[in-house]
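Enquirer: Okay, handing you the structure first.
The values are calculated or read from the model by the stated rules, or taken from the named source; none is laboratory data. Note that this is a predicted model, so its numbers are computed, not measured. Methodologically, a virtual Cβ is constructed for each residue, glycine included, from the backbone with ideal geometry; neighbour enumeration extends over all protein chains shown.
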Amino acid sequence: MIKVVILGGGNLAFHLTNTMLKTSSINLVQVYNRSLSKIKYLKGKTLITNNIDELKDADIYIVSVSDNAISELTSKLVLKNKLVVHTSGAANITELQSNSRKGVFYPLQSFSKEKEINFKEVPFCLETENKLDFKLLKKISTLLGSNSYNINSEQRKKLHVAAVFVNNFVNHLYYLGNEICDENNIPFEILKPLIKETSNKIIDLQPFDAQTGPAIRKDSKTINKHLELLNENQQKIYSILTKSIIETYGKKL
């Protein structure tokens with residue numbers, strides 16, 4: 001049985017705790033958060049604390065806090081010869097300031113408390129200072145049903161940027177599309193089959209080969225009509241993305 005302590009009360013910590021409580025061979029012995037109110041839902045399921053000096057003994061301590069808080073929090077940990085890992089995509093392994101063995105346990109996924117997560121569909125990016133700790137992280141990800149990858153800090157930072165493009169930026173474009181629909185009394189649901197088809201398409205095709213639309217067709221007439229329909233902010237974003245598509249496929253308007 002692998003004994004785990006989780007430090008944090010955000011979205012990722014919420015899903016990790018709930019999943020680990022249901023996972024055989026993982027014993028979630030404790031959850032720490034400086035605000036007990038955020039983890040009160042765990043009362044009766046596992047030990048909870050807001051005192052960093054009262055952490056229980058465990059095989060691994062998973063620090064799931066904001067990037068800015070990793071160094072400060074881990075500098076307070078006195079866990080000699082214990083494995084302490086953070087879950088950040090952008091933070092270097094050296095952000096861990098405890099006198100412990102260090103690692104990274106980064107799940108590449110978007111987490112919201114309102115949306116249930118199936119960890120079988122969440123890849124984990126792992127990094128450690130030694131092979132035995134890597135095996136432990138790999139075992140935990142396997143118990144969660146997840147695939148894992150050996151990704152170092154430099155690779156992970158680049159991967160995190162890529163994730164921002166395919167997740168955060170794309171979601172913002174969904175918001176803008178929703179905004180245009182709302183402004184014109186059109187139900188956004190009409191676009192959802194298109195969103196689903198576009199997402200499914202790149203499972204079988206490379207993104208380069210999946211591109212469609214007026215920019216790749218060199219359809220300046222349609223592009224200009226679209227620009228006339230948009231407000232100033234929407235025009236800027238539309239123009240930047242259109243220019244990028246045109247340049248990617250070597251076409252000029």
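Enquirer: Surrounded by 17 or more Cβ atoms within 10 Å (Cβ to Cβ) and aromatic (Phe, Trp, Tyr) - does that describe any residue in the range 29-36?
Expert: Yes.
Enquirer: Okay, moving on. If you take the residues of the range 113-147 that are assigned to a loop (DSSP other than H, G, I, E, B) and among the acidic types (Asp, Glu), which of them is surrounded by the fewest Cβ atoms within 10 Å (Cβ to Cβ)?
Expert: Among them, the one singled out is Glu114.
Enquirer: Something else now. Quick one: which residue in Ile180, Ile240, Ile151, Ile216 is at pLDDT below 95 and among the β-branched types (Val, Ile, Thr)?
Expert: Of Ile180, Ile240, Ile151, Ile216, the one residue that is at pLDDT below 95 and among the β-branched types (Val, Ile, Thr) is Ile216.
Enquirer: Please indicate, with yes or no, whether at least one residue in the range 163-181 is of a type in the set (Ser, Thr, Tyr), part of a helix (DSSP H, G or I) and either in the same structural domain as Ala91 (by TED's automatic domain parsing) or touching a helix residue (DSSP H, G or I) at 6+ places or on another chain (Cβ under 8 Å) (or both).
Expert: Looking for residues that are of a type in the set (Ser, Thr, Tyr), part of a helix (DSSP H, G or I) and either in the same structural domain as Ala91 (by TED's automatic domain parsing) or touching a helix residue (DSSP H, G or I) at 6+ places or on another chain (Cβ under 8 Å) (or both), one finds at least one in the range 163-181, hence yes.
Enquirer: Filter the range 72-94 for residues that are surrounded by fewer than 20 Cβ atoms within 10 Å (Cβ to Cβ) and either touching a Ser or Thr at 6+ places or on another chain (Cβ under 7 Å) or more than 17 Å from Tyr149 (Cα to Cα) (or both) and give the result.
Expert: Glu72, Ser75, Lys76, Val78, Leu79, Lys80, Asn81, Lys82, Asn92, Ile93, Thr94 - these are the residues of the range 72-94 that are surrounded by fewer than 20 Cβ atoms within 10 Å (Cβ to Cβ) and either touching a Ser or Thr at 6+ places or on another chain (Cβ under 7 Å) or more than 17 Å from Tyr149 (Cα to Cα) (or both).
Enquirer: On to the next question. Tell me whether the range 97-111 contains one or more residues that are touching a helix residue (DSSP H, G or I) at 6+ places or on another chain (Cβ under 8 Å), touching a residue at least 24 places away in the same chain (Cβ under 8 Å), part of a helix (DSSP H, G or I) and surrounded by fewer than 17 Cβ atoms within 10 Å (Cβ to Cβ).
Expert: Within the range 97-111 (the criterion being touching a helix residue (DSSP H, G or I) at 6+ places or on another chain (Cβ under 8 Å), touching a residue at least 24 places away in the same chain (Cβ under 8 Å), part of a helix (DSSP H, G or I) and surrounded by fewer than 17 Cβ atoms within 10 Å (Cβ to Cβ)), the answer is no, since none of the residues qualifies.
Enquirer: For Ala215, which of the numbered conditions (1) among the aliphatic types (A, V, I, L, M); (2) outside any helix (DSSP H, G or I); (3) farther than 26 Å from Ala162 by Cβ fails to hold?
Expert: Every listed condition holds for Ala215 apart from (3).
Enquirer: Going residue by residue through the range 47-58, is there one that turns out to be in contact with a helix residue (DSSP H, G or I) (Cβ under 8 Å, 6 or more places away or on another chain) and closer than 30 Å to Asn168 by Cβ?
Expert: no
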